[in-house]
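One structure is given here, and the rest of the page talks about it.
The values are calculated or read from the model by the stated rules, or taken from the named source; none is laboratory data. What you see is a predicted model; the values in this text were computed from it and never measured. Don't worry about glycine lacking a Cβ; one is built from the backbone with ideal geometry, like all the others, and counts go over all protein chains shown. What goes into the accessible areas is simple: the full protein's heavy atoms, side chains included, and nothing from ligands, DNA or RNA. Shrake-Rupley method; radii C 1.70, N 1.55, O 1.52, S 1.80 Å.
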Amino acid sequence: MAALKKTDLTLEERAFETAKTLLKKYQNPHNLKLEENSNLEDSYSILITLLYTEKLDEEEQLAIVSIIDEMKLLDGNR
């Protein structure tokens, strides 16, 4: 999986692209839905599901954890 740089995409875009890439790689085993107009929470739900149900490689796990950490930081600043 190509590493996405934080400065290149917004958090929402990064979460969407990561979810889209992983769904394609793991052939969407849980029939999860990700549409082009999906919001951050949709992507988050998919990423969490994949994190706990698939054997992701370390880079994929770190990408998901990075997104979750950034979401927590943003949520804490509200």
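Which condition breaks for Asn39 when tested against (1) open to solvent by less than 80 Å² (accessible area, probe 1.4 Å); (2) touching a helix residue (DSSP H, G or I) at 6+ places or on another chain (Cβ under 6 Å)?
That leaves (2) as the condition not met.
So the check is Cβ under 9 Å with 6+ separation or different chains; which pairs have a first residue in segment 29-53 that's more than 15 Å from Leu11 (Cβ to Cβ) and modelled with pLDDT under 90 and a second one that's open to solvent by 40 Å² or more (accessible area, probe 1.4 Å) and outside any helix (DSSP H, G or I)?
Here the result reads Pro29/Glu54; Leu34/Asn28, each pair linking segment 29-53 to a residue that is open to solvent by 40 Å² or more (accessible area, probe 1.4 Å) and outside any helix (DSSP H, G or I).
Which of the residues belonging to segment 2-20 are under 19 Å from Asp69 (Cβ atoms) and modelled with pLDDT of 90 or more?
Thr10, Leu11, Glu12, Glu13, Arg14, Ala15, Phe16, Glu17, Thr18, Ala19
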